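Take a look at the structure below.
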Amino acid sequence: MKNPGKPRAGAVRKSKKGPQVGSGGQGRKALEGRGPTPKAEERTYHPAGKRKAAQERLTAAGGGRARSNSGTDARGAQRPAPRKRATGDEAELVTGRNSVLEALRAHIPTTTLYMAARIEMDDRVKEILSIATGRGIPVLEIMRPELDRMTGRDAVHQGLALKVPPYEYAHPLELLDETLRRGQKPLFVALDGITDPRNLGAIIRSTAAFGGHGVIVPQRRSVGMTASAWKTSAGAAARTPVAMAPNLTQTLKALKQRGVFVLGLDGGGDVSLPGLELADQPVVIVVGSEGKGLSRLVTETCDAIVSIPISAATESLNAGIAASVTLYEIARIRSAE
């Protein structure tokens, strides 16, 4: 028979012997709370707080006058190196008659022009040959299967391919300096997490169509200027510069310090696109990926999150289409000034 006065092996019994430790008033302090909740406009992360901050910046800018052009940022720090060459040494192939012609017209550095044997001659092909021979660009006639292999299975080369060196990107602050030097009101598009080169090409094309001054892509986890982007831009990439941002969030903050307002696009935004109040100011539109949307850090950096009214039957817009609609509305507002 077990001894009832002896605890079982492994059993834990608490003893009340000895002095007891009190809370020291910690419970009363916890009940006191942290005071009243700050107003929405006083919280920097709240949409109302962002609107207030944007309005204060707008007032401080004196109605949107661009700040003076300089080689330093708002803190007096020297801006980064002016240009950055694309990583990798592999050349790109620009395919299609329109894209090849626009690249040659824009004097894009070119090493070789490939032409399919027995190609159908039209005015574009004649002009391409004239430009290439006039500049001493080697023209190689090859069989169409070989051209298919070079350009990829899904490429529509239309019998032409242009070999160009890796794309040379501008720096975002360099784009701003150049725009201000020409006395124009900056309008840029920045990409956040977009990896499809066709979206990049479409955005470049829309930027050129609606008076934009450049496109900004992050250095990491983003699409770059590939041959597919060149093709989708229908030659607009030859006229619209693309800049590379080492860190997109820090670049957006630097643009804000120079008087540029940052507008993010999101279906759940607190500001509606039609009649956008900041459209007549220096603006950079940030477009996120169709799946994930804007990243958290970029969202927190934006002065306003803008939504495009769409039918309830449509879940979302493609990134390229959303950028196009926004660029059109800003161009419309600016033209009515």
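Condition check for residue 118 on (1) touching a helix residue (DSSP H, G or I) at 6+ places or on another chain (Cβ under 6 Å); (2) in a loop (DSSP other than H, G, I, E, B); (3) not acidic (Asp, Glu): one failure, at (1). Of the residues 191, 176, the single one that is part of a helix (DSSP H, G or I) and crowded, with 23+ Cβ neighbours inside 10 Å is 176. Inclusion of residue 334 among residues that are more than 22 Å from residue 53 (Cβ to Cβ), surrounded by fewer than 22 Cβ atoms within 10 Å (Cβ to Cβ) and either of a type outside the set (Val, Ile, Thr) or in contact with a helix residue (DSSP H, G or I) (Cβ under 6 Å, 6 or more places away or on another chain) (or both) is warranted. Test each condition in (1) touching a helix residue (DSSP H, G or I) at 6+ places or on another chain (Cβ under 8 Å); (2) crowded, with 19+ Cβ neighbours inside 10 Å for residue 198 and report the one that comes out false. Of the numbered conditions (1) touching a helix residue (DSSP H, G or I) at 6+ places or on another chain (Cβ under 8 Å); (2) crowded, with 19+ Cβ neighbours inside 10 Å, the odd one out for residue 198 is (2). Comparison of 200, 191 shows that the only residue that is within 11 Å of the chain's Cα centre (by Cα) and within 18 Å of residue 96 (Cβ to Cβ) is 200.
Here's the yes/no breakdown for (1) touching a residue at least 40 places away in the same chain (Cβ under 8 Å); (2) among the small types (Gly, Ala, Ser); (3) exposed (fewer than 15 other Cβ atoms within 10 Å of the Cβ):
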{"residue": "279", "(1), (2), (3)": "yes, yes, no"}
{"residue": "283", "(1), (2), (3)": "yes, no, no"}
{"residue": "286", "(1), (2), (3)": "yes, no, no"}
{"residue": "291", "(1), (2), (3)": "no, yes, yes"}
{"residue": "312", "(1), (2), (3)": "no, yes, yes"}
{"residue": "323", "(1), (2), (3)": "yes, yes, no"}
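Of all residues assigned to the range 299-307, none qualifies as being surrounded by 19 or more Cβ atoms within 10 Å (Cβ to Cβ), touching a residue at least 12 places away in the same chain (Cβ under 8 Å) and under 11 Å from the mean Cα position of the chain (by Cα).
Computed from the coordinates by the stated procedures, all read-outs in this text should not be read as laboratory data. Every value quoted in this text rests on a predicted model; they were computed, and no experiment measured them. Neighbour counts are summed over all protein chains in view; Cβ atoms, including those assigned to glycine, are modelled from backbone coordinates with ideal geometry.
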